[in-house]
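A.B. asks: There's a structure below that I have some questions on.
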Amino acid sequence: MTRSDVLHILDGTGPRFGKSVALALNGLILLSAATIAVETMPGLPAPLRSALFWLEVAILAIFAVEYMVRVICAPRPWRYIFSFWGLVDLLAVLPALVLLQPQWASVRVFRLIRLVRLLKLFRTSLALNRMRRAVRSVRGELTVLGVMAAMVLYVAAVGIYIFEHQAQPEVFSSIPMALWWAVASLTTVGYGDMVPLTVGGRIFTTLVLFVGLGIVAGPAAIITAALLESDLEEAGLELSETHEDNDDNKGDVT
């Protein structure tokens, strides 16, 4: 068995043991997440708390071995270590090894992102590739929307500060403090901790909320349009390939 075969098995793409190993590792991730949650419950019996502790240690040991195997088997170990998945694997083990505390061990929950890799087993990686291509094709539009959103956030913070500072000097004490209100309003969350009281502030808030709906819906609409365009392009390519195959078959018959 080569190093590449070992990596394929750990990623869940191995032909023989890949699916079983991937399911087992992700099952351990879920078990670890449940253990972390149970450990925070008050009034647990001492034997149960001790059992949960040693279960956590065992899971950590498995994750540590998996990380070391990935480093050893990687074609470029340093490149893997500093890659996104390498850092996720390291964070899954390192903080909890330093301090076996729930608040540190909870970092391992980010490893649940690896569950996305299991989608490859069900032939849904095509959907992920389509999404990646769609986002890449509209990254310019998304960048423009991001810049516009930042500008609107700043203008909203300045506007609400002008309207509400005199009425609520403790709440809207500065423009940086008003930025929190702008974020909550533009994302249509509205926590209610900073509420305008003046007529001008409420009218301004109404305008900001309508603008926020457009900012939130804009990227979704752009990505959806890119996905539809990608589907049409793929359908056109498949149709042209079908016509070419039919023409070749007719030529063979003649």
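A.B. asks: Looking at segment 15-56, which of its residues are more than 26 Å from the chain's Cα centre (by Cα) and closer than 27 Å to residue 5 by Cβ?
C.D. replies: 15, 16, 17
A.B. asks: May I pose another question? Quick check on segment 230-246. Is at least one of its residues surrounded by 14 or more Cβ atoms within 10 Å (Cβ to Cβ) and modelled with pLDDT under 85?
C.D. replies: Filtering segment 230-246 down to residues surrounded by 14 or more Cβ atoms within 10 Å (Cβ to Cβ) leaves 230.
Now drop any that are not modelled with pLDDT under 85, which leaves 230.
Yes, segment 230-246 contains at least one residue that is surrounded by 14 or more Cβ atoms within 10 Å (Cβ to Cβ) and modelled with pLDDT under 85.
A.B. asks: Which of the residues that make up segment 79-104 are loosely packed, with under 14 Cβ neighbours inside 10 Å, at pLDDT 85 or above and touching a helix residue (DSSP H, G or I) at 6+ places or on another chain (Cβ under 9 Å)?
C.D. replies: 79
A.B. asks: A follow-up question, please. Residue check: is residue 148 assigned to a helix (DSSP H, G or I), under 29 Å from residue 130 (Cβ atoms) and open to solvent by 40 Å² or more (accessible area, probe 1.4 Å)?
C.D. replies: It is true that residue 148 is assigned to a helix (DSSP H, G or I), under 29 Å from residue 130 (Cβ atoms) and open to solvent by 40 Å² or more (accessible area, probe 1.4 Å).
A.B. asks: Mind listing just one residue for me: the one in segment 162-176 that is outside any loop (DSSP other than H, G, I, E, B) and aliphatic (A, V, I, L, M) and, of those, modelled with the highest pLDDT?
C.D. replies: 162
A.B. asks: Same structure again: Give me a count of the residues in segment 21-42 that are open to solvent by 80 Å² or more (accessible area, probe 1.4 Å) and free of Cβ contacts under 8 Å to residues at least 60 places away in the same chain.
C.D. replies: Of the residues in segment 21-42, 2 are open to solvent by 80 Å² or more (accessible area, probe 1.4 Å) and free of Cβ contacts under 8 Å to residues at least 60 places away in the same chain.
A.B. asks: While we're on this one: Could you grab me the full set of residues in segment 151-173 that are surrounded by fewer than 17 Cβ atoms within 10 Å (Cβ to Cβ), among the small types (Gly, Ala, Ser) and in contact (Cβ under 8 Å) with a residue 24 or more places away in the chain?
C.D. replies: Selection gives 167 alone.
A.B. asks: Another question, then. Mind listing whichever residues of segment 182-194 are touching a Leu at 6+ places or on another chain (Cβ under 9 Å) and modelled with pLDDT under 80?
C.D. replies: The initial filter retains those residues of segment 182-194 that are touching a Leu at 6+ places or on another chain (Cβ under 9 Å), namely 182-183, 185-186, 188, 190.
Those that are touching a Leu at 6+ places or on another chain (Cβ under 9 Å) and modelled with pLDDT under 80: 188, 190.
A.B. asks: Looking at 197, 179, which is the one that is surrounded by fewer than 16 Cβ atoms within 10 Å (Cβ to Cβ), aliphatic (A, V, I, L, M) and either modelled with pLDDT of 85 or more or not in a loop (DSSP other than H, G, I, E, B) (or both)?
C.D. replies: Of 197, 179, the one residue that is surrounded by fewer than 16 Cβ atoms within 10 Å (Cβ to Cβ), aliphatic (A, V, I, L, M) and either modelled with pLDDT of 85 or more or not in a loop (DSSP other than H, G, I, E, B) (or both) is 197.
A.B. asks: Can you run down the residue pairs with Cβ atoms below 6 Å, 6 or more apart or on separate chains, where the first is in segment 44-73 and within 27 Å of residue 11 (Cα to Cα) and the partner is surrounded by fewer than 16 Cβ atoms within 10 Å (Cβ to Cβ) and among the basic types (Lys, Arg)?
C.D. replies: That search, which allows pairs on different chains as well, returns 73/3.
A.B. asks: While we're looking at this one, here's another question. Which number in (1) surrounded by 12 or more Cβ atoms within 10 Å (Cβ to Cβ); (2) on the phi < 0 side of the Ramachandran plot; (3) touching a residue at least 12 places away in the same chain (Cβ under 8 Å) marks the one condition that residue 12 misses?
C.D. replies: The number of the failed condition is (2).
The values are calculated or read from the model by the stated rules, or taken from the named source; none is laboratory data. Remember, predicted model here, so these are calculated numbers, not experimental data. Here the Cβ is made from the backbone with ideal geometry for all residues, glycine too, and neighbour counts use every protein chain on show. Surface accessibility is based on the protein's heavy atoms, side chains included, excluding ligands, DNA and RNA. Shrake-Rupley method; radii C 1.70, N 1.55, O 1.52, S 1.80 Å.
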